[in-house]
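The values are calculated or read from the model by the stated rules, or taken from the named source; none is laboratory data. Because the structure is a prediction, the values reported are computed rather than measured. Every residue, glycine among them, receives a Cβ derived from its backbone with ideal geometry; neighbour counts consider all protein chains shown. In case anyone asks, the SASA skips ligands and DNA or RNA and just uses the protein heavy atoms, side chains included. Shrake-Rupley method; radii C 1.70, N 1.55, O 1.52, S 1.80 Å.
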Amino acid sequence: MIELEQVYKAFGNNRVLRGMTLRVPKGTSTVIIGGSGTGKSVVLKCIIGLLAVDHGRITVDGSDVTVGDRDAFLARFGMLFQGGALFDSMPVWQNVAFRLLLGSQKLSQADAREVAIEKLRRVGLTPDVAHKFPAELSGGMQKRVGLARTIAADPEIIFFDEPTTGLDPIMAGVINDLIREIVVEIGATAMTITHDMSSVRAIADTVAMLHNGVVQWTGPVQDLNNSGDPCVEQFISGSVDGPIEAIR
Amino acid sequence: MEHVLGSIGQQVLRALAAVGRVTMYAFLVFAHVLRPPFYLREFKNALFQVGWLSLPVVGLTAIFTGGALVLQIYAGGARFNAEAVVPQIVAIGMVRELGPVLVGLMIAARVTSSIAAEIATMKVTEQIDALITLSTHPFKYLFVPRVLAGLITVPLLVGVGDIIGIFGGHLVATQSLGFNSVTYLQSSYNILETRDVVSSLVKGCVFGGIATLMGCYYGQNSGRGAQGVGRATKGSVEAAAVLILGANFVLTSLFFSV
């Protein structure tokens, strides 16, 4: 269970999170939606410790994320970044096997390569991709490699930051299906940030709408169309008029 | 008047704050040098990038500088009938000052800019965040190998640069100015003291540390986008060059002030 209690985070005068509270039960998939610049990615970065919160408490299975062995804590996580964040100085297989090679497991090169190729297969990539460099791959392939890296060490908790951004609808659908399958397969707790409503419907068990630095609405994905919340309704319909201010 | 003083005061405070930040950063990097894990492969790669691949540019800089120095000193010395001291002055000039400073500046241009651009790009594309989520500390994985490589390879490059510079001078002196080859080399060798060579290598070590540290610092603190990467790269080279020249003055004062 991931719990955020009254979390505040500001960047200078920009108060991004203003007392956000959210509970993500173990083994479920929660998708956070919200307008651009509302701090959705900040939430993930605060949980994983890339950003420090100004106020409030974040716990994972009851333990404060700021206390204890950081490496052991991070070993439980996998994160797929918006742009893939692949290391462009190393081939694909080393990207995928990065944690296996350098983390606590320290597999041999041969074993790590084998695991990497298996994970690449799992995300629909052929072994010949393993020795290419990220710059040689298309956006969709980079996302798949990023996904393979995310699941390489079988994490308990997986974060997806805008997993379908920049992809065509068909490739976005493929990535959504892969995410859903993999999360169910390894029984992970998943948190996803997205604007893409097709992603939301494909990936989510629960949806949380972030607005003005707090969770405006949360509920099962099936209730999304009947949320009764004007922010959610405006966001789903993509209407310019409503409580979410559209900057023209 | 008050406004001008206030503005100057603000600039001074800003500069002092920057010095404080860089000093803290340097302490952090060196603190991580002593604690495992150590990324040997990254370190070897940094040695290759910083040291081996800088050899051509260092060699060319040194050989042309040595040659030009001989021509200048010969022309100047001729006014006082002091042409015979050309080898000695070239050797001392190269080893004490020009060798370390020019190598330091070339490293600032080549290595500092490359490190800053690479790390800034990694920051902008979230690769540094990805490293952290993969349980890898960027200080240990990215910064320590590069700074250590600078500390180790730049003194060696300075040594090589000193030798090539003296030989560049020797080439011009023997081919164009009629100096005897053996006498020239003997004079160059005899004039040099241990202190000259040690000062040259110490300067190389300090300049290597400054150059790589500035690359890492500016890269890690870069702004967003292409402009952020550009600013970080430019800032790193400027800072490294100024600090190298400042450190050179301090080290020269320490080694040679009477």
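Figures for the structure shown
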| read-out | value |
| --- | --- |
| Longest DSSP-loop-exposure-free segment, chymotrypsin sites (Phe, Trp or Tyr not before Pro), chain B, at most 16 other Cβ within 10 Å | B:81-258 |
| Ratio Rg/Rh [Cα only; Rh per Kirkwood] for region B:113-247 | 1.18 |
| Alpha-carbon centroids, region B:1-65 and region B:115-184: separation in whole Å | 12 Å |
| Rh by Kirkwood over Cα pairs, then Stokes-Einstein D for chain B at 1.567 mPa s and 4 °C, µm²/s | 65 µm²/s |
| GNM result for chain A, Cα springs below 10 Å: residue of A:Gly84, A:Gly37, A:Gly12 fluctuating most strongly | A:Gly12 |
| Dipole of region B:102-243, positive direction: furthest Cα of B:Ala117, B:Leu157, B:Gly228, with charges on the beta-carbon | B:Gly228 |
| Residues with amide H under 5 Å from that of A:Val31, placed H, sequence gap 5 or more | A:Thr192, A:Asp205, A:Thr206, A:Val207, A:Ala208 |
| Spatial extent of chain A: Rg and Dmax, with the Cα atoms as the point set, Å | 18.2, 57 |
| Accessible surface, per residue, of region A:1-85 when the full set of protein chains is kept, probe 1.4 Å, Å² | 43 Å² |
| Cα-based equivalent ellipsoid of the protein assembly as shown: semi-axis lengths in Å, sorted from largest, via gyration tensor | 56, 26, 19 |
| Phi-based couplings in Hz for region B:52-64 (Karplus 6.51, -1.76, 1.60; Gly and Pro marked x) | 4, 6, 8, 4, x, 5, 5, x, 5, 4, 5, 5, 5 |
| C-alpha center-to-center spacing [region A:179-248, region A:39-86] in angstrom | 21 Å |
| Sorted largest first, extent of region B:94-138 alpha carbons per principal axis (Å) | 48, 18, 7 |
| Estimated [θ] at 222 nm from DSSP helical runs (n ≥ 4, -39500 (n - 2.57)) normalised by residues in the protein assembly as shown, nearest 500 | -18500 deg cm²/dmol |
